[in-house]
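Notes follow once the structure below has been shown.
The values are calculated or read from the model by the stated rules, or taken from the named source; none is laboratory data. Because the structure is a prediction, the values reported are computed rather than measured. Note that we place each Cβ from the backbone using ideal geometry, even for glycine, and neighbour counts take in every protein chain shown.
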Amino acid sequence: MPLPELPPWRGAEGGTPEIEVRLGNVPDQLPDIIHRGPILQIGGDGSCRYNMAGVACFLIEGGRRITVRPHMAADAPDVRLFLLGSVFGLLCHQRGWLPLHACCVEIGGRAIAFAGPSGIGKSTLAASFVRQGYRLLADDVTVIDAHAPGGPLVIPAIGRIKLWRDTLDALKISADGLEPCRNRMEKFQVPVGGRFQLTRLPLTAIHLLDRVSDERQAELLPLVGLQAVETLLGAVYRRQAGERMGKRPQMLRAIHRLLTVPILALRYAQGLSHLQQTVYRMAARYEGRGE
Amino acid sequence: MLVCRRETLLTADLADRMLMMDPDNGLYFELDTIGTDIWRRLATPVPVAHLVADLTRDYDAPRAEVERDVLALLHDMVAYGLVTAC
């Protein structure tokens, strides 16, 4: 199946793929089920069956194999939306990578992440950074190898930003020719092309986004200790599924490593001009710390 | 009775406090200044009586009060698996 969101492989020829995605059959029942929900089943061996009615059923095994049984055309954007979202999130938990619900951009050769719940403005912020010439590592889910030898690394995810039509209009991006995230959805995939960061970068700061109504309440506050742990746990993508897979110990170990990185609450005022201000402030803050 | 720290805990030093995470049961804790001091005194296994005597001296506090507070803290720490009797 075509996956236009992923950049073509430019590494060595003939290597063994780390992750295989195949079309195929998915069993109705996993062996030795430890969790059975309306969408997600977890098997005794940690494998996951994720069924999205009307879209596709996915089997995720061993952190490296995904089998897709589409309930609609295999090349429909809907199938890729769930594959590259929830399904890759579950795969991250299986692999021991920490997926954070965050966008991530490159500033001064380092990865800077902005976490927060859906609707807080991660993608809009990412799009603003990209428009200012910064490179994108992730627009929605930032994948972290917390135990990399030199310190936590961000693994670049997907070279596109998902934006609602009103955000496109506000940013003066034309929706012509853009693919909707799902059929007939007013949310579109904006490819970032050459502005995608292809290699892993050291994670240098994590911001927890929070919107305030008044610009005078905008602030940047360091989070430490329990507050940092709680905030990071709350920002883990598909955390509940990960916990059901028995991965809470692994998450805490990863978060413990992330505490070596500054964790900050970023409260910013609503509106595009304030967003622009935030981009300038963050760029100045992190560009100044070059080698 | 000796008190021993559980060495599988993940810890992080904050300015005047200490964060502890227990990946085995998924819990996490923060010790205040005195709790952190007591934790550091447990770096090598120590008898409870010695711990109480040392704290009474160093904090210049009534022994009965120190003993009551330390026993309460150790009780909680045992309950949450942060320390064991050894």
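Being more than 14 Å from chain A (Cβ to nearest Cβ) and touching a Ser or Thr at 6+ places or on another chain (Cβ under 8 Å) narrows it down to one of B:V70, B:V66, B:V83, so name that one. Steps first, answer last, please.
Working: B:V70 fails: touching a Ser or Thr at 6+ places or on another chain (Cβ under 8 Å); B:V83 fails: touching a Ser or Thr at 6+ places or on another chain (Cβ under 8 Å).
It is B:V66.
Which of the residues that make up the stretch B:3-28 are free of Cβ contacts under 8 Å to residues at least 60 places away in the same chain, surrounded by 12 or more Cβ atoms within 10 Å (Cβ to Cβ) and under 24 Å from B:E65 (Cα atoms)?
B:R17, B:M18
A quick yes/no check of all residues on (1) closer than 30 Å to A:L91 by Cα; (2) acidic (D, E); (3) in contact with a Cys (Cβ under 6 Å, 6 or more places away or on another chain):
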site: A:D214; (1), (2), (3): no, yes, no
site: A:P222; (1), (2), (3): no, no, no
site: A:G225; (1), (2), (3): yes, no, no
site: A:G271; (1), (2), (3): no, no, no
site: A:Q276; (1), (2), (3): no, no, no
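Condition check ((1) more than 30 Å from A:E186 (Cβ to Cβ); (2) of a type in the set (D, E)) across all residues:
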site: A:E18; (1), (2): yes, yes
site: A:L23; (1), (2): no, no
site: A:G44; (1), (2): yes, no
site: A:I60; (1), (2): no, no
site: A:T67; (1), (2): yes, no
site: A:R80; (1), (2): no, no
site: A:L83; (1), (2): no, no
site: A:L90; (1), (2): no, no
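Determine if the stretch A:162-184 includes at least one residue that is under 15 Å from the mean Cα position of the chain (by Cα) and assigned to a strand (DSSP E or B).
Yes, some residue in the stretch A:162-184 is under 15 Å from the mean Cα position of the chain (by Cα) and assigned to a strand (DSSP E or B).
Just checking: which of the strands (runs of 3 or more DSSP E) contained wholly in the stretch A:49-121 hold 1 or more residues that are out of contact with any Ser or Thr (no Cβ under 7 Å at 6 or more places or on another chain), under 16 Å from A:R22 (Cα atoms) and not assigned by TED's automatic domain parsing to the domain that holds A:P152? Spell out how you get there, then give the answer.
Numbers: elements: A:56-61, A:65-70, A:98-107, A:110-115.
Qualifying strands (runs of 3 or more DSSP E): A:56-61, A:65-70.
Could you list, in sequence order, the residues of the stretch A:31-59 that are of a type in the set (A, V, I, L, M) and out of contact with any helix residue (DSSP H, G or I) (no Cβ under 8 Å at 6 or more places or on another chain)?
Of all residues in the stretch A:31-59, those of a type in the set (A, V, I, L, M) come to A:33-34, A:39-40, A:42, A:52-53, A:55-56, A:59.
Result: A:I33, A:I39, A:A53, A:L59.
Being in contact with a Lys or Arg (Cβ under 9 Å, 6 or more places away or on another chain) and either touching a residue at least 12 places away in the same chain (Cβ under 8 Å) or more than 9 Å from every other protein chain (Cβ to nearest Cβ) (or both) is the requirement here; does B:L42 meet it? Lay out the reasoning, then the answer.
Numbers: in contact with a Lys or Arg (Cβ under 9 Å, 6 or more places away or on another chain): yes; either touching a residue at least 12 places away in the same chain (Cβ under 8 Å) or more than 9 Å from every other protein chain (Cβ to nearest Cβ) (or both): yes.
Considered against the rule, which asks whether it is in contact with a Lys or Arg (Cβ under 9 Å, 6 or more places away or on another chain) and either touching a residue at least 12 places away in the same chain (Cβ under 8 Å) or more than 9 Å from every other protein chain (Cβ to nearest Cβ) (or both), B:L42 comes out as yes.
Within the stretch B:17-36, can one find any residue that is within 14 Å of another protein chain (Cβ to nearest Cβ) and either touching a Pro at 6+ places or on another chain (Cβ under 6 Å) or farther than 23 Å from A:E230 by Cα (or both)? Outline the logic, then answer.
Step one: list which residues in the stretch B:17-36 are within 14 Å of another protein chain (Cβ to nearest Cβ), which gives B:17-33, B:35-36.
Within this subset, residues satisfying the condition of being either touching a Pro at 6+ places or on another chain (Cβ under 6 Å) or farther than 23 Å from A:E230 by Cα (or both) are B:23.
Within the stretch B:17-36, one or more residues are within 14 Å of another protein chain (Cβ to nearest Cβ) and either touching a Pro at 6+ places or on another chain (Cβ under 6 Å) or farther than 23 Å from A:E230 by Cα (or both).
Any idea which of (1) away from chain A (no Cβ under 14 Å); (2) under 30 Å from A:V261 (Cα atoms); (3) out of contact with any strand residue (DSSP E or B) (no Cβ under 6 Å at 6 or more places or on another chain) is the one B:A53 doesn't satisfy?
That leaves (2) as the condition not met.
Within the group A:R160, A:R182, A:R195, A:R135, which residue is out of contact with any strand residue (DSSP E or B) (no Cβ under 6 Å at 6 or more places or on another chain), surrounded by 15 or more Cβ atoms within 10 Å (Cβ to Cβ) and farther than 27 Å from A:P249 by Cβ?
Working: A:R160 fails: out of contact with any strand residue (DSSP E or B) (no Cβ under 6 Å at 6 or more places or on another chain); A:R195 fails: out of contact with any strand residue (DSSP E or B) (no Cβ under 6 Å at 6 or more places or on another chain); A:R135 fails: out of contact with any strand residue (DSSP E or B) (no Cβ under 6 Å at 6 or more places or on another chain).
Testing whether each residue is out of contact with any strand residue (DSSP E or B) (no Cβ under 6 Å at 6 or more places or on another chain), surrounded by 15 or more Cβ atoms within 10 Å (Cβ to Cβ) and farther than 27 Å from A:P249 by Cβ leaves just A:R182.
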